[in-house]
Amino acid sequence: MASIGQIVNPTPGSDALARARQRASLVPDCLVEAKRIANTVIAGWHGRRKRGIGENFWQFRPYTEGESLSRIDWRRSARDDHTYIREREWEAAHTIWLFADMSPSMMYKSTLGSVSKESRALVIMLALAEILARSGERIGCPGVMEPVSARNAAERLATALMHSQLTGGLPEVAMIRGWSDLVLIGDFLDDADAVMARLTPLARRGLRGHVVEVADPAEEIFPYSGRTEFTDPETGSKLVSGRAENIRDAYTRAYLARRDSLGQSLRHLGWTFVTHRTDHLASEALVAIHMYLSGMPAKATHGGQL
């Protein structure tokens, strides 16, 4: 996503083919890392299961007057003095669309960051696909892959990403139909009003959205001083500062104001907003967004700790 005054590595413009090859070489390693993280954080979780109409047993609960007698489990009730209902698990798969920004600004990695923003976004998306697929959800990627309900959805998504055209900013959503969740992962460095102009119509269509802002630590703390050249990777424009430390306060105020404005606007729509730095563990963002998808916002806002 394009940015104004973004701190970036001076990267020369590369043609689309070279960029596509770079992305394709990155995806397999990200898939391996995503599976490792998913296997780590999924321990002890019970997925997104919930009671409803289905064949699998969910739980016993006390009978309430007025309920159908056919729902009583007489064998369980015979064990003590209470009457119990046998509840079943809801089995209707939900569609969740996952999208990671692959624009040039996502390639940025400072010496303070563990990985590039692009790599971290891919890992979060693929790990989320892995966990949701295990829960029986339908996983899709706008403009890249139609929704599938399969245990290997993460592998399918990784393959589709390797062979898809480069995507950037926000996705085309014409293929999204009906009620579903949309998870957007990127740096969202555009003006907050411009981003909301794209997202508000999606909310009006009934989409439940979840936005994950991925940031390099240098973008937050501006660790630069002395003569420094900043380059925008998408426009090629340059800014040279003789004493970079003199613009630190103004920069950080503008950066955090953009984030606060975006977060407040998203929450006003009823969407969720998670911020994540690349010097933190990817599992932190993964747990937080999974909690939101599971309808447990209190745990998400506390770092997803269970």
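Of all GluC sites (Glu not before Pro) in segment 153-251, which ones are in loop regions per DSSP and have a Cβ with at most 15 other Cβ atoms within 10 Å? Don't skip to the end; give the middle numbers.
Details: sites: Glu155, Glu172, Glu213, Glu219, Glu220, Glu229, Glu234, Glu245; in loops: Glu172, Glu234.
The qualifying sites are Glu172.
Percentage of Cα-Cα pair distances in segment 168-290 greater than 24 Å, rounded to whole percent?
I get 36 percent for the Cα pairs in segment 168-290 exceeding 24 Å.
Straight-line reach from Lys109: which aspartates and glutamates have Cα under 14 Å away, leaving out those fewer than 8 places along the same chain?
Glu118, Asp187, Asp216, Glu219, Glu220, Asp232, Asp279
Just so you know, all these numbers are worked out from the coordinates, no wet-lab data involved. All values reported here derive from a predicted model rather than from experimental measurement. Using ideal geometry, Cβ is built from the backbone for each residue, glycine included, and neighbour counts are taken over all protein chains shown.
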